[in-house]
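Q: This is the structure I have questions about; it appears just below.
The values are calculated or read from the model by the stated rules, or taken from the named source; none is laboratory data. Keep in mind it's a predicted model, so treat the numbers as computed, not measured. Every residue, glycine among them, receives a Cβ derived from its backbone with ideal geometry; neighbour counts consider all protein chains shown.
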Amino acid sequence: MSASLGIATRSLRNVRRLPSAFIPALLMPVFQVVAFSGTYAGVTQIPGFPTDRSVNWYLPMAVTMGASFAGLGTGFSMIRDLQTGFYDRLRMAPTSRRQLLLGPYIAAWVRACIAVVLVTIFGFALGARPVGSGVGTFSLFIAGIGMATIGTGWGLGLAYRFRDMRAAAIMQLTLFLGLFLTDAQTPIPLMDGWLIYVARWNPLTQVLDVARIGFIDGINGRDLLVGIFIMVAISAGAWLFAFTGLARLDD
């Protein structure tokens with residue numbers, strides 16, 4: 001466990017040494033919640049829209065994206081460590097491969113917490129308010145950590161396989177496609193065309209339901225359980241993708 005904590009600590013220290021690698025990923029979701037909730041403020045006037053506050057709809061999307069970037073950030077760092085040869089020295093250390101993986105995950109969770117808190121503060125400043133009990137903020141946090149876990153496994157797996165900046169481009173492209181091909185901007189009943197079918201079958205749509213459950217009407221406990229199950233399943237798959245990628249480095 002000490003090796004994992006050491007790797008995580010180093011990763012977090014690099015945020016201070018290389019703020020240019022962290023701050024843009026932190027500001028992007030803040031910009032999104034400000035831009036979308038303002039530009040599309042009138043969307044709440046559409047009959048059937050599930051909330052009278054546009055920011056309540058767009059805040060969860062921004063939070064999950066910010067947390068995802070926190071996870072992908074570990075992939076960017078891994079590419080740099082692979083190219084400089086630092087990670088080769090780490091792999092020679094007397095520690096298990098699981099600990100080498102756990103370190104970046106811990107760092108991603110810490111970074112995701114920062115992103116979730118910051119974006120949520122901006123969202124509340126813009127008028128976001130949970131409906132009913134305080135479960136909304138908690139479920140938003142759970143969704144953020146889940147997306148950070150998914151992003152970390154996906155980013156590390158790509159970094160281990162490509163070992164150069166090609167992986168970074170794929171990380172970002174797949175993240176944007178995965179999140180924006182959901183009901184991130186418009187509820188499925190209000191969509192038209194092919195996006196309806198893509199969003200309905202995109203598993204990240206259910207993850208967004210977890211983030212939104214306390215901010216809009218119409219999402220129930222069953223949706224919450226389904227979303228959490230999907231997050232756990234994708235996270236496990238992403239972990240396996242990263243673990244097998246790490247094993248390939250030994251070939």
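Q: Would you confirm, using the coordinates I've provided, whether GLY214 is outside any helix (DSSP H, G or I), over 29 Å from GLY127 (Cα atoms) and either out of contact with any Pro (no Cβ under 8 Å at 6 or more places or on another chain) or in contact (Cβ under 8 Å) with a residue 24 or more places away in the chain (or both)?
A: no
Q: Now for a different question. Under 7 Å between Cβ atoms, at least 6 apart or on separate chains: pull out the pairs that start in region 17-40 with a residue that is more than 14 Å from TRP57 (Cα to Cα) and end on any residue that is modelled with pLDDT under 75 and crowded, with 18+ Cβ neighbours inside 10 Å.
A: Pairs found: PHE22/VAL15.
Q: While we're here: What about PHE176, is it under 17 Å from LEU72 (Cβ atoms), modelled with pLDDT of 95 or more and either under 15 Å from the mean Cα position of the chain (by Cα) or in a helix (DSSP H, G or I) (or both)?
A: Answer is no for this residue.
Q: Is there any pair with a first residue in region 115-144 that is on the phi < 0 side of the Ramachandran plot and a second that is of a type in the set (D, E, K, R) and assigned to a loop (DSSP other than H, G, I, E, B) whose Cβ atoms are under 7 Å apart and which are 6 or more apart or on different chains, and what are they?
A: That search, which allows pairs on different chains as well, returns ALA128/ARG53; ARG129/ARG53; VAL131/ASP217.
Q: Next question, about the same structure. Going through PRO29, PRO50, PRO104, PRO24 one at a time, which residue ends up being closer than 23 Å to GLY136 by Cα and not in a loop (DSSP other than H, G, I, E, B)?
A: None of the other options fit; the residue is PRO29.
Q: Here's another thing I want to ask about it. Does region 75-94 hold any residues that are at pLDDT below 90 and among the β-branched types (Val, Ile, Thr), and which are they?
A: THR84
Q: Somewhere in region 13-31, is a residue surrounded by fewer than 19 Cβ atoms within 10 Å (Cβ to Cβ), under 21 Å from VAL210 (Cα atoms) and at pLDDT 80 or above?
A: Scanning region 13-31 turns up at least one residue that is surrounded by fewer than 19 Cβ atoms within 10 Å (Cβ to Cβ), under 21 Å from VAL210 (Cα atoms) and at pLDDT 80 or above.
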